[in-house]
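Q: Here it is, the structure in full.
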Amino acid sequence: MISPFRFLHRTVCNRTRQGVWRRGLWVALLFYLTGCHDAARENPFDPALTPAVELTVALDELAGTIRLEWTRYAGAGVFAEYRVLRNVAKSVEVDTLERISSVEQTAFVDRELAPNMAYEYRVETVNSSGFAAESAVQGIAGYAVNPVELIEVAVDGSVGEATVRWTAYAGPRFEGYRVERRGAAEVDFAAIGRVESANSTAFVDGDLDPDVVYVYRVVLEAAGEEWASNRSGATSFGLHRAELLSVRGDSEEGVVRLRWTAYAGPRFEGY
């Protein structure tokens with residue numbers, strides 16, 4: 001039989017143990033909830049941990065390139081790479097131009113541009129878990145290529161030559177000028193010469209036939225494409241025939257003397 005004193009002692013001890021256990025349970029639950037809250041804040045897909053960079057773009061008209069610069073990534077998420085993205089303006093097809101694994105590299109030059117085209121750029125910042133934060137889109141017009149203007153075709157009938165002159169091309173990616181000619185009754189132009197210096201804007205055509213009408217144009221070759229100039233007017237030259245001035249016979253000497261005007265044209269061969 002248990003004495004009243006021992007029964008009272010056991011009851012107090014049991015209740016004390018239960019109180020300690022309950023307080024421990026509440027403390028454990030509090031730590032658990034706090035841990036869940038911290039885990040949510042460290043979610044690698046949380047946009048606040050991987051902020052987007054700020055992008056600027058600029059065109060170099062002489063080089064025909066576009067330079068991109070952006071702010072250095074400063075997020076708490078572990079950096080993986082920058083992705084440089086581009087699309088033609090008003091197009092939904094986006095190309096990845098470059099993947100950059102160095103967080104310190106914050107510039108890129110786009111040299112693969114088509115002439116007379118507008119583009120849109122953005123830079124994605126990607127963390128180690130694959131989450132990507134995209135910068136604001138920056139649109140820009142690319143470099144322009146326009147045909148040169150044919151200024152004149154000057155014919156020198158005394159030498160049978162035509163000098164073709166045009167305006168200089170001042171844009172990027174120059175390749176050459178192609179001088180073309182056709183007969184007035186023909187449809188297709190044929191190349192008669194090529195000039196490979198952008199500052200050279202004249203060409204002498206020394207292969208003219210007399211009394212044939214020609215039409216000229218200059219084709220600009222740049223950036224892998226071609227642009228034809230305006231066409232010249234009808235161009236030709238005629239030979240200045242010798243004119244017989246007099247015919248005199250000399251009966252005493254038995255000869256006939258002829259006098260004529262001198263030939264002043266090109267490619268003289270003889271009378």
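The values are calculated or read from the model by the stated rules, or taken from the named source; none is laboratory data. Here the structure is a predicted model, which is why all the values come from computation and not from measurement. Ideal geometry is used to build each Cβ from the backbone, glycine not excepted, and the neighbour counts take in all protein chains shown.
Q: Hey, could you check segment 99-116 for residues that are without any contact (Cβ under 8 Å) to a residue 40 or more places away in the chain, over 30 Å from Asn146 (Cβ atoms) and surrounded by 11 or more Cβ atoms within 10 Å (Cβ to Cβ) and say which is farthest from the chain's Cα centre (by Cα)? Before you say what the answer is, go through the steps one by one.
A: Within segment 99-116, the first condition is being without any contact (Cβ under 8 Å) to a residue 40 or more places away in the chain, and the residues that meet it are 99-105, 112, 116.
Of the ones still in play, those that are also over 30 Å from Asn146 (Cβ atoms) are 99-105.
Filter once more, keeping what is surrounded by 11 or more Cβ atoms within 10 Å (Cβ to Cβ): 99-100, 103, 105.
On the way: Arg99: 19, Ile100: 21, Val103: 26, Gln105: 22 Å.
Ranking the candidates gives Val103 first.
Q: Given Val137, Val145, Val123, which one is buried (at least 19 other Cβ atoms within 10 Å of the Cβ), farther than 30 Å from Tyr214 by Cα and modelled with pLDDT of 95 or more?
A: Val123
Every residue, every condition in (1) aliphatic (A, V, I, L, M); (2) surrounded by 15 or more Cβ atoms within 10 Å (Cβ to Cβ); (3) in the same structural domain as Ala63 (by TED's automatic domain parsing), yes or no:
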{"site": "Val164", "(1), (2), (3)": "yes, yes, no"}
{"site": "Tyr169", "(1), (2), (3)": "no, yes, no"}
{"site": "Phe174", "(1), (2), (3)": "no, yes, no"}
{"site": "Ala185", "(1), (2), (3)": "yes, no, no"}
{"site": "Val215", "(1), (2), (3)": "yes, yes, no"}
{"site": "Glu221", "(1), (2), (3)": "no, yes, no"}
{"site": "Glu243", "(1), (2), (3)": "no, no, no"}
{"site": "Gly249", "(1), (2), (3)": "no, no, no"}
{"site": "Gly270", "(1), (2), (3)": "no, no, no"}
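Q: Inspect all residues belonging to segment 77-88 and state whether any of them is at pLDDT below 95, in the same structural domain as Val137 (by TED's automatic domain parsing) and surrounded by 12 or more Cβ atoms within 10 Å (Cβ to Cβ).
A: The answer is yes, given that some residue of segment 77-88 is at pLDDT below 95, in the same structural domain as Val137 (by TED's automatic domain parsing) and surrounded by 12 or more Cβ atoms within 10 Å (Cβ to Cβ).
Q: Residue by residue through segment 127-160, note down the ones that are among the charged types (D, E, K, R) and either within 18 Å of Arg217 (Cβ to Cβ) or part of a loop (DSSP other than H, G, I, E, B) (or both).
A: Selection gives Glu149, Glu152.
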